[in-house]
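*Asks:* Below you'll find the structure I mean.
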Amino acid sequence: MAEDEHYEPVEVIIRRAGAKRTRIRPMRGNRVEKLAGFIIAHFSRYDRFVVLKDLESFEESTIKQRFQKAVRRVRERLPGVSLDVRLVIVKRAVEAWLLADPDAIEKATNCKLSEEVKKRLDRPEQISRPKDVLADLLRRCGKRYYP
């Protein structure tokens with residue numbers, strides 16, 4: 001499960017990792033608790049659940065607590081079922097992942113980025129507002145980004 005509608009980078013990562021038979025579901029909103037209901041409804045079709053969540057709205061400790069609570073709820077409802085449920089926390093926002101690959105941005109937008117811009121993107125996890133940076137970058141390339 002990937003947060004928001006912008007899960008295309010996750011698809012690329014999965015494809016590059018060589019994973020087979022994978023399905024990505026957007027997790028709308030900031031309620032990690034919804035995860036329990038989804039897993040309970042779909043556990044028989046999957047052998048692993050990976051949840052990607054960013055730190056845009058909540059602190060990491062809050063997200064981890066909510067995730068652990070959801071997993072406990074699943075285990076209580078499905079005793080004896082072996083489940084592999086993992087949480088991947090993206091520092092800041094998923095857009096930081098996009099900013100981590102300026103070559104892909106150039107290719108997708110058909111727009112050359114200056115070396116100065118590429119250098120500023122060198123540590124995307126340190127960018128405090130990656131959505132804004134990505135939107136500005138794409139605007140300069142004549143594209144629109146709707147976060």
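Rule-based calculations on the coordinates, nothing more; no lab input. Please read all numbers here as calculations on a predicted model, not as lab measurements. Cβ atoms come from the backbone with ideal geometry, glycine included; neighbour counts cover every protein chain shown.
*Asks:* Determine ³J(HN,Hα), in whole Hz, for all residues of segment 67-74 in sequence, where each value follows from phi through the Karplus function 6.51 cos²θ - 1.76 cosθ + 1.60 and θ = phi - 60°; x replaces Gly and Pro.
*Replies:* So the J values, rounded to whole Hz, are 5, 4, 5, 5, 5, 4, 4, 4.
*Asks:* Compute the acute angle (0 to 90°) between the alpha-carbon long axis of helix 8-17 and the principal axis of greatest extent of the alpha-carbon atoms of the chain; round to the nearest 10°.
*Replies:* Here the helix axis deviates by roughly 80 degrees.
*Asks:* OK, next. To the nearest 0.05, how large is the calculated FRET efficiency for K107 and K20 if R₀ is 35 Å and r is the Cβ-Cβ distance?
*Replies:* FRET efficiency, K107 to K20: 0.85.
*Asks:* With a point put 7 Å past each Cα toward its Cβ, work out how far R45 is from D136 in nm, to one decimal.
*Replies:* 4.2
*Asks:* When only C-alpha pairs under 8 Å and at least 6 residues apart count, what is the relative contact order of the chain, in percent?
*Replies:* Dividing the mean separation by the residue count of the chain yields 21 percent.
*Asks:* What is the sum of charges around Y46, taking Lys and Arg as +1, Asp and Glu as -1, for the other residues whose C-beta is under 11 Å from the C-beta of Y46?
*Replies:* Charge balance in the 11 Å sphere: +3.
*Asks:* Please arrange Y146, Y46 by how many other C-beta atoms lie within 10 Å of their C-beta, fewest to most.
*Replies:* Y146, Y46
*Asks:* If you don't mind, another one. Could you tell me the relative contact order of segment 95-140? Use alpha-carbon pairs under 8 Å, at least six residues apart, and round to a whole percent.
*Replies:* 51
*Asks:* Tell me, what ³J(HN,Hα) does each residue in segment 105-111 have, in order and in whole Hz, if you take phi through Karplus 6.51 cos²θ - 1.76 cosθ + 1.60 with θ = phi - 60° and put x for Gly and Pro?
*Replies:* After applying 6.51 cos²θ - 1.76 cosθ + 1.60, I find 4, 4, 5, 5, 9, 6, 9 Hz.
*Asks:* Near the amide H of V85, under 5 Å away, which other amide H atoms are found, from residues 5 or more places off or on another chain, if H is placed in the peptide plane?
*Replies:* F49
*Asks:* Next up: Select one label from (i) 2, 9, 20, 25, 22, 16, 5, 1, 0; (ii) 2, 9, 17, 19, 17, 14, 10, 6, 4, 2, 1, 0; (iii) 1, 7, 12, 15, 19, 19, 17, 8, 1: the one whose number is P(r) over Cα pairs in 5 Å bins from 0, in percent as derived from the coordinates shown.
*Replies:* Among (i) 2, 9, 20, 25, 22, 16, 5, 1, 0; (ii) 2, 9, 17, 19, 17, 14, 10, 6, 4, 2, 1, 0; (iii) 1, 7, 12, 15, 19, 19, 17, 8, 1, the one derived from this structure is (ii).
*Asks:* Taking amide hydrogens as modeled 1.01 Å from N in the peptide plane, which residues meet the under 5 Å criterion relative to D54, leaving out close sequence neighbours?
*Replies:* V90
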